[in-house]
Amino acid sequence: MTSFSAPKGVPDYFPPTSASFLAVREALAEPARLAGYGYVELPVFEETALFARGVGESTDVVSKEMYSFNDRGERSVTLRPEGTAGVMRAVIEHGLDRGQLPAKLYYAGPFFRYERPQAGRYRQLQQVGVEAVGVDDPALDAEVIAIADAGFRSLGLTGYRLDITSLGDGSDRPQYREKLQAFLAKLPLDEATRTRANLNPLRVLDDKRPEVRALMDDAPLMLDHLAAETRAHYEQVKGYLDDLGVKFTENPRMVRGLDYYTKTTFEFVHDGLGSQSGIGGGGRYDGLMEQLGGQPLSGVGFGLGVDRTLLACQAEGLTPGDVTRCDVYGVPLGETAKSRLVGLSGELRAAGVRFDLAYGGRGMKGAMKAADKSGARYALVLGERDIEAGVAQLKELATGDQQAVPLTDVVTTVRKALDR
RNA sequence: GUGGGUGUAGCUCAGCUGGCAGAGCACUGGGUUGUGAUCCCAGGUGUCGCGGGUUCAAGUCCCGUCACUCACCCCA
């Protein structure tokens with residue numbers, strides 16, 4: 001019989017790591033709720049054209065990393081590679097852009113990119129994201145960045161930094177782009193890089209290869225070519241970040257892989273995860289709504305990588321969500337005792353006590369061993385003698401102290417012992 | 001898509017120049033009646049990734065193949 005393995009590049013999480021995974025996702029989402037963002041639950045797949053138009057045909061994500069397929073009705077659909085396009089589609093479709101603005105939304109869930117897997121790079125990845133749509137206020141850029149920062153900080157992470165820059169917009173980027181292209185044309189670049197330079201010249205700026213990096217030393221930078229208006233916007237974002245106490249590094253060579261970004265862009269970088277160092281990123285996307293058939297409204301948001309943030313936590317020795325999964329462990333001796341403990345399990349759990357018991361008819365010794373491994377604070381031992389006496393033995397595992405508790409008082413006694 | 005590394009027990013791995021497949025951890029049972037963590041004893045599993053080749057003999061050498069992994073590209 002052949003067995004199965006998970007699809008290539010897809011992580012499985014199980015205890016205890018899965019508890020950390022959930023805790024990370026929660027920690028990243030909580031600051032968004034505190035800032036008035038409402039949860040949206042959106043489909044995991046969309047019409048392929050949405051991403052092609054929203055994310056941009058020239059991006060790697062669209063041109064070679066999408067999980068696309070035809071459904072039974074011969075419609076081309078794609079497992080979402082990122083969140084913003086889908087949120088914008090929903091905003092437009094349901095008219096949220098006609099209500100009070102900004103519309104502030106957050107989401108969490110899986111995304112898919114068909115890439116060669118690597119440390120911290122998966123074909124199914126989890127992100128937490130926010131989008132603030134409809135108001136072009138630099139304070140919103142700063143708010144979004146501060147939300148992400150608060151999430152990372154609440155996990156206890158310290159080994160990350162925040163890079164920010166401005167990519168300009170329609171008013172100044174085309175001129176800059178030409179200037180950069182002229183500069184690149186004079187460089188001795190290999191063919192792959194040359195192709196990339198033609199597709200999106202900005203991308204060559206953050207090439208990791210030292211030889212390319214050296215060539216780019218004198219490259220013109222967008223930050224030096226911002227129009228007065230985009231520069232003012234950028235300066236205000238930085239000012240608000242100072243107000244918020246969010247520390248950042250200006251990185252004029254930072255580039256984002258999605259076409260829709262304008263003005264402010266940012267990236268959170270951590271050193272502990274191998275080569276894939278970005279744990280979150282985002283920015284402003286002022287042309288996207290219109291591009292997708294909506295009103296010409298601005299927007300700003302981010303996507304944070306849950307998997308990578310978990311790796312960052314592990315690199316820093318943090319174990320979020322590290323709680324014992326059992327308070328009391330039942331040790332039944334014999335069928336009558338087992339039946340009584342099964343009954344008690346319902347009552348205890350209803351009272352908020354995490355209760356587990358030895359299933360499978362293990363002996364006393366094995367059951368006690370299991371109690372120990374469960375991490376429970378107490379073992380609840382029940383045998384024939386106890387039942388005759390109308391009691392159960394409550395044993396504190398750390399100290400070995402044991403007391404007989406009347407069976408009718410077990411729930412209240414346990415709750416008192418656990419202080420809840 | 002392009003390079004490098006690794007495939008041996010459930011997990012982490014050892015196995016030198018070919019000569020009977022191993023350790024630690026984990027798991028299970030036991031160390032006289034109904035008490036765990038420590039300690040002692042016992043126990044099991046292997047198509048040595050798969051297919052071919054060389055050889056008296058292959059986990060070990062050669063060829064192919066698949067998988068995993070790290071890195072480039074790119075990104076969360």
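As an exercise: evaluate residue A:115 against (1) in contact with a helix residue (DSSP H, G or I) (Cβ under 6 Å, 6 or more places away or on another chain); (2) within 16 Å of RNA strand B (Cβ to nearest atom); (3) within 28 Å of residue A:311 (Cβ to Cβ) and give the number of the one condition it does not meet.
All conditions pass for residue A:115, except number (1).
Any residue at all in the range A:116-125 that is surrounded by fewer than 20 Cβ atoms within 10 Å (Cβ to Cβ) and over 25 Å from the mean Cα position of the chain (by Cα)?
Taking every residue of the range A:116-125 in turn, none turns out to be surrounded by fewer than 20 Cβ atoms within 10 Å (Cβ to Cβ) and over 25 Å from the mean Cα position of the chain (by Cα).
Would you check which residues across the range A:231-286 are in a strand (DSSP E or B) and open to solvent by 60 Å² or more (accessible area, probe 1.4 Å) and list them?
Matches in the range A:231-286: A:249, A:250.
Can you confirm whether residue A:164 is of a type in the set (Val, Ile, Thr) and outside any helix (DSSP H, G or I)?
yes
Report every pair of residues separated by at least 6 positions or lying on different chains whose Cβ atoms are under 7 Å apart, first residue within the range A:51-73 and open to solvent by 90 Å² or more (accessible area, probe 1.4 Å), second of a type in the set (A, V, I, L, M, F, W, C).
Once the first residue is open to solvent by 90 Å² or more (accessible area, probe 1.4 Å) and sits in the range A:51-73, its partners that are of a type in the set (A, V, I, L, M, F, W, C) give A:53/A:292; A:69/A:77.
Select, from A:101, A:125, the only residue that is assigned by TED's automatic domain parsing to the domain that holds residue A:240, outside any helix (DSSP H, G or I) and within 16 Å of RNA strand B (Cβ to nearest atom).
A:125 is the lone residue from the list that is assigned by TED's automatic domain parsing to the domain that holds residue A:240, outside any helix (DSSP H, G or I) and within 16 Å of RNA strand B (Cβ to nearest atom).
Based on this model, can you work out whether residue A:336 counts as of a type in the set (Ser, Thr, Tyr), closer than 25 Å to residue A:13 by Cβ and touching a helix residue (DSSP H, G or I) at 6+ places or on another chain (Cβ under 8 Å)?
No, not satisfied.
Confirm whether residue A:352 is assigned by TED's automatic domain parsing to the domain that holds residue A:400, surrounded by fewer than 13 Cβ atoms within 10 Å (Cβ to Cβ) and either over 21 Å from residue A:420 (Cα atoms) or of a type in the set (D, E, K, R) (or both).
Answer is no for this residue.
In the range A:318-349, which residues are open to solvent by less than 40 Å² (accessible area, probe 1.4 Å), closer than 30 Å to residue A:153 by Cα and within 15 Å of RNA strand B (Cβ to nearest atom)?
Selection gives A:326, A:327.
Just give me the residues in the range A:384-402 being under 20 Å from residue A:358 (Cα atoms) and in contact with a strand residue (DSSP E or B) (Cβ under 8 Å, 6 or more places away or on another chain), in sequence order.
A:386, A:391, A:392, A:393, A:394, A:395, A:396, A:397, A:402
Of all residues in the range A:355-376, which are buried (at least 16 other Cβ atoms within 10 Å of the Cβ), within 9 Å of RNA strand B (Cβ to nearest atom) and assigned to a loop (DSSP other than H, G, I, E, B)?
Hit for the range A:355-376 is A:376, nothing else.
If you check residue A:393 against the conditions, is it within 14 Å of residue A:330 (Cα to Cα), outside any loop (DSSP other than H, G, I, E, B) and among the polar types (S, T, N, Q)?
yes
Report every pair of residues separated by at least 6 positions or lying on different chains whose Cβ atoms are under 6 Å apart, first residue within the range A:144-155 and assigned to a loop (DSSP other than H, G, I, E, B), second of a type in the set (Ser, Thr, Tyr).
Note: no pairs meet the criteria.
What is the residue count in the range A:112-122 for residues that are basic (Lys, Arg) and outside any strand (DSSP E or B)?
2
Quick one: residue A:109 ticks every box in (1) outside any helix (DSSP H, G or I); (2) at negative phi bar one, so which box is it?
Unmet for residue A:109, out of (1) outside any helix (DSSP H, G or I); (2) at negative phi: (2).
When you scan the range A:339-353, how many residues do you find that are in a helix (DSSP H, G or I) and touching a residue at least 12 places away in the same chain (Cβ under 8 Å)?
Number of matching residues: 7.
The values are calculated or read from the model by the stated rules, or taken from the named source; none is laboratory data. What you are looking at is a predicted structure, and each value in this text was computed from that prediction instead of being measured. As a convention, Cβ positions derive from the backbone with ideal geometry for all residues, glycine included, and neighbour counts pool all protein chains shown. Ligands, DNA and RNA are excluded from the accessible area calculation, which covers all protein heavy atoms including side chains. Shrake-Rupley method; radii C 1.70, N 1.55, O 1.52, S 1.80 Å.
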